[in-house]
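Asks: One structure, as C-alpha cells, below. Some questions next.
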Amino acid sequence: MTTAQSRPRAAKASGATDLLTVSGLQKHFPVRRGLLQRGKDAVKAVDGLDFTVARGETLSLVGESGCGKTTTGRMLTRLIEPSAGRIDFDGQDITHLSNSRMRPLRRDIQMIFQDPYSSLNPRHTVGAIVGAPFRLQKVQTEHGVKRAVQDLLKLVGLNPEHYNRYPYEFSGGQRQRIGIARTLALRPKLIVADEPVSALDVSIQAQVINLLEDLQNELDLTYVMIAHDLSIVRHVSDRVAVMYLGKIVEIGEQAGIYTQPMHPYTVALMSAVPVPDPTKRGQRTRIRLTGDVPSPLNPPPACRFNTRCWKAKDICRTEEPPLAELAPGHRVACHFPENIASTPAAAAEPAPAPAEAK
Ligand SMILES: Nc1ncnc2c1ncn2[C@@H]1O[C@H](COP(=O)(O)OP(=O)(O)OP(=O)(O)O)[C@@H](O)[C@H]1O
Ligand code: SF4
Ligand SMILES: [Mg+2]
C-alpha cells in the first residue's frame, strides 16, 4: 500500500494508458422561447471539450459557477446524454450506450456529489445506503453485505459499529465519507467527484480530500475532480483543465498551471489563490475580473473571455484562438498568452498591465 506522500505523480501521468478519452463533447440544452414559439435557442452548457485521463491520474476541472463542470461530469457518468462528441471509456465508445448496455459499466464509473446532506436518503440506515449498490447490481459478497459494508466504513475512516445509524446522526464530513463508501462499494475504475468538499466546513475539507487521495493509491482509482476553486485541488491534481463558458481554455500538468498559468482567465483565478508563504504574499497582484460571466445562451463571439479580458484586442472578437500546445503537454486557447517567452502574437504586441489589478 502506498501513501499519499509516496505517490509517483509524474510517472503515473506520463507513462500510463488512457482510461478516458473525450473528444468534441457538447451539451446544448434546448430552450423554448414561449408557448407557441419553437425557438432554436440552446444553452451551450458544454461546447466542445477534448481531453484524456490516464489510468490512476487525477484530472481536475476548474472554473466559475455555470461554466459547465457538472454538466461535463454528468455526461461522463452518462447521467445525461451528450448532444455531440464522443466519450471512450476503457477502450469502449460509451457516448450513446443504451441503459441496459450501460448497466455493467455503472459499476466502473461512479460519481460523488457535492451535497452530503441531500445525496443520502434520511430514512435509510448507513448500512442500507452503503449496501444498496450490492443489491442494485446483484453483486455477491464473500462474507455477506453487512460485512462488506462494515469493511467499507472502516476504509473511509468511520466506525463499522455505526452500521445501524441514520445520516442525521453524522456530521457533514462523516456524511461525505458515507457517500464515498457507497461510491467505492463496487470497486469503480473512474470516480467523478463533483465539488466533493465545497459544502463542508473548511476545517474538514482537507481531511476528505486526503481520504480521496489515500483511497486512490490503495484502490487504483482514476479521478475527474470538479472544483470552482484552484486552491482546493492543488495538491491532488496531476493535471488541471480550466473551463470558461463551456470550453477548456487551458489544460496542463499541475505544476505548469499553478506556476506558469498562460491564459489570462487562469492568471486571474490563480491571483485569488491564497499564498501559503507570508514573505511572498506581497508579491502577488490580485486581479479582479469585472462583469458577470456572459450567458451560455448567447456567448461572446470568438474568444468567449473577450468581454472580461484586460488584454482583449480586435482579433479576440473575430477569431477563436485554438487550444494550442505552447509548452510540452500544456495547451492554451489565447491570442496573447501570459508567462510565455515569445509567441508570434505576443511578440507582435506586448501585453499591457492588467487594468483591474489592485
Ligand atoms: N437541464 C438544464 N437545462 C438548461 N440549462 C441547464 C441545465 N443544466 C445546466 N444548465 C445550464 O448550463 C450551464 C452550466 O451548468 P453547470 O451546472 O454544468 O455549471 P457548473 O460549472 O457545474 O456550475 P456550479 O459551479 O454553479 O456548479 C449553466 O448556465 C446552467 O444554468
Ligand atoms: S484571446 Fe484575447 S480576449 Fe481571449 S483570453 Fe486571450 S487576450 Fe484575452
Ligand atoms: Mg456544478
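The values are calculated or read from the model by the stated rules, or taken from the named source; none is laboratory data. Not measured: the values here are computed from a predicted model. As a convention, Cβ positions derive from the backbone with ideal geometry for all residues, glycine included, and neighbour counts pool all protein chains shown.
Asks: Can you find even one residue in the range 81-91 that is within 13 Å of ligand 3 (Cβ to nearest atom), farther than 21 Å from Ile257 by Cβ and in contact with a Leu (Cβ under 8 Å, 6 or more places away or on another chain)? Reasoning before the result, please.
Replies: Quick first cut of the range 81-91, residues within 13 Å of ligand 3 (Cβ to nearest atom) only: none.
Checking the range 81-91: not a single residue is within 13 Å of ligand 3 (Cβ to nearest atom), farther than 21 Å from Ile257 by Cβ and in contact with a Leu (Cβ under 8 Å, 6 or more places away or on another chain).
Asks: A further question follows. Please go through the range 203-241 and pick out each residue that is without any contact (Cβ under 8 Å) to a residue 60 or more places away in the chain and charged (D, E, K, R).
Replies: Arg234
Asks: Something else now. Just to verify a result, which residue in the range 40-76, among those that are small (Gly, Ala, Ser) and over 16 Å from Ile232 (Cβ atoms), is surrounded by the most Cβ atoms within 10 Å (Cβ to Cβ)?
Replies: Looking only at the range 40-76, we keep the residues that are small (Gly, Ala, Ser), and these are 42, 45, 48, 54, 56, 60, 63, 65-66, 68, 73.
From the residues that got through so far, the ones that are over 16 Å from Ile232 (Cβ atoms) too are 42, 45, 48, 54, 56, 66, 68.
On the way: Ala42: 16, Ala45: 24, Gly48: 15, Ala54: 19, Gly56: 23, Gly66: 18, Gly68: 26.
For the range 40-76, the residue satisfying everything is Gly68.
Asks: Another question about this same structure. How many residues, within the range 231-256, are within 22 Å of Asn217 (Cβ to Cβ) and of a type in the set (Val, Ile, Thr)?
Replies: Within the range 231-256, residues that are within 22 Å of Asn217 (Cβ to Cβ) and of a type in the set (Val, Ile, Thr) number 4.
Asks: Within the range 110-128, is even one residue more than 21 Å from Phe170 (Cβ to Cβ) and of a type in the set (Lys, Arg)? If you could, list the steps in order and put the result at the bottom.
Replies: Taking the range 110-128 first, the residues more than 21 Å from Phe170 (Cβ to Cβ) are none.
No, the range 110-128 contains no residue that is more than 21 Å from Phe170 (Cβ to Cβ) and of a type in the set (Lys, Arg).
Asks: Test Asn298 against the criterion of being touching a helix residue (DSSP H, G or I) at 6+ places or on another chain (Cβ under 8 Å), at pLDDT below 95 and of a type in the set (S, T, N, Q), and give yes or no. Show your work before the answer.
Replies: On the way: touching a helix residue (DSSP H, G or I) at 6+ places or on another chain (Cβ under 8 Å): no; at pLDDT below 95: yes; of a type in the set (S, T, N, Q): yes.
Judged against the criteria, Asn298 is not a match.
Asks: Here's a check for you: in the range 167-207, which residue that is in contact with a Gly (Cβ under 6 Å, 6 or more places away or on another chain) and among the hydrophobic types (A, V, I, L, M, F, W, C) is nearest to ligand 2 (Cβ to nearest atom)?
Replies: The extreme case among them is Val192.
Asks: Which pairs have Cβ atoms under 6 Å, sit 6 or more apart or on different chains, and link a residue in the range 256-279 that is closer than 19 Å to Val293 by Cβ to one that is among the hydrophobic types (A, V, I, L, M, F, W, C) and at pLDDT below 90?
Replies: Short answer, once both residue conditions are applied: Ala268/Ile287; Ala268/Leu289; Ser271/Ile287.
Yes or no, residue by residue, for (1) modelled with pLDDT of 95 or more; (2) surrounded by fewer than 16 Cβ atoms within 10 Å (Cβ to Cβ):
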| position | (1), (2) |
| --- | --- |
| Thr125 | yes, no |
| Ala128 | yes, no |
| Val139 | no, yes |
| His143 | no, yes |
| Lys146 | no, yes |
| Asn159 | yes, yes |
| Tyr163 | no, no |
| Gly173 | no, no |
| Gln176 | no, no |
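Asks: For Met111, are the conditions met, namely being surrounded by 16 or more Cβ atoms within 10 Å (Cβ to Cβ) and in a strand (DSSP E or B)? Break it down stepwise before answering.
Replies: Numbers: surrounded by 16 or more Cβ atoms within 10 Å (Cβ to Cβ): yes; in a strand (DSSP E or B): yes.
In short, yes.
Asks: Also: Considering the range 90-141 alone, what residues qualify as being touching a strand residue (DSSP E or B) at 6+ places or on another chain (Cβ under 7 Å) and not hydrophobic (A, V, I, L, M, F, W, C)?
Replies: The answer is Asp90, Asp93, Thr95, Asp108, Gln110, Gln114.
Asks: A further question follows. Select from the range 60-83 the residues that are farther than 19 Å from Arg107 by Cβ and part of a helix (DSSP H, G or I) and write down the one among them that is farthest from ligand 2 (Cβ to nearest atom).
Replies: So the first thing to find is which residues in the range 60-83 are farther than 19 Å from Arg107 by Cβ, and the list is 60-72, 80-83.
From what is left, the residues that are part of a helix (DSSP H, G or I) are 69-72.
Details: Lys69: 19, Thr70: 24, Thr71: 22, Thr72: 21 Å.
Ranking the qualifying residues of the range 60-83, first place goes to Thr70.
Asks: With respect to the numbered conditions (1) within 16 Å of ligand 3 (Cβ to nearest atom); (2) at pLDDT 95 or above, which one is the sole condition not fulfilled by Glu64?
Replies: (2)
Asks: Every residue in the range 291-307 that is surrounded by 12 or more Cβ atoms within 10 Å (Cβ to Cβ) and away from ligand 3 (no atom under 16 Å from the Cβ), please.
Replies: To start, the set of residues in the range 291-307 that are surrounded by 12 or more Cβ atoms within 10 Å (Cβ to Cβ) comprises 293-297, 299-307.
Within the range 291-307, Pro294, Ser295, Leu297, Pro299, Pro300, Pro301, Ala302, Cys303, Arg304, Phe305, Asn306, Thr307 meet the criteria.
Asks: What about Ala312, is it surrounded by fewer than 22 Cβ atoms within 10 Å (Cβ to Cβ), over 21 Å from Ala42 (Cα atoms) and in contact (Cβ under 8 Å) with a residue 24 or more places away in the chain?
Replies: Values: surrounded by fewer than 22 Cβ atoms within 10 Å (Cβ to Cβ): yes; over 21 Å from Ala42 (Cα atoms): yes; in contact (Cβ under 8 Å) with a residue 24 or more places away in the chain: no.
So Ala312 does not fit the description; no.
Asks: Okay, moving on. With the requirement that a residue be among the basic types (Lys, Arg) and in contact (Cβ under 8 Å) with a residue 12 or more places away in the chain, what does the range 57-102 give you?
Replies: Filtering the range 57-102 down to residues among the basic types (Lys, Arg) leaves 69, 74, 78, 86, 101.
Residues satisfying the conditions are Lys69, Arg74, Arg78, Arg86.
Asks: Let me ask something else about it. Could you tell me which numbered condition Ser14 fails, if it satisfies all but one of (1) modelled with pLDDT of 95 or more; (2) out of contact with any Asp or Glu (no Cβ under 8 Å at 6 or more places or on another chain); (3) polar (S, T, N, Q)?
Replies: (1)
Asks: Let me ask something else about it. Of everything in the range 249-268, what is part of a helix (DSSP H, G or I) and buried (at least 24 other Cβ atoms within 10 Å of the Cβ)? Give them in sequence order.
Replies: Initial filter on the range 249-268 (part of a helix (DSSP H, G or I)): 254-259, 264-268.
Residues satisfying the conditions are Ile257, Pro264, Tyr265, Thr266.
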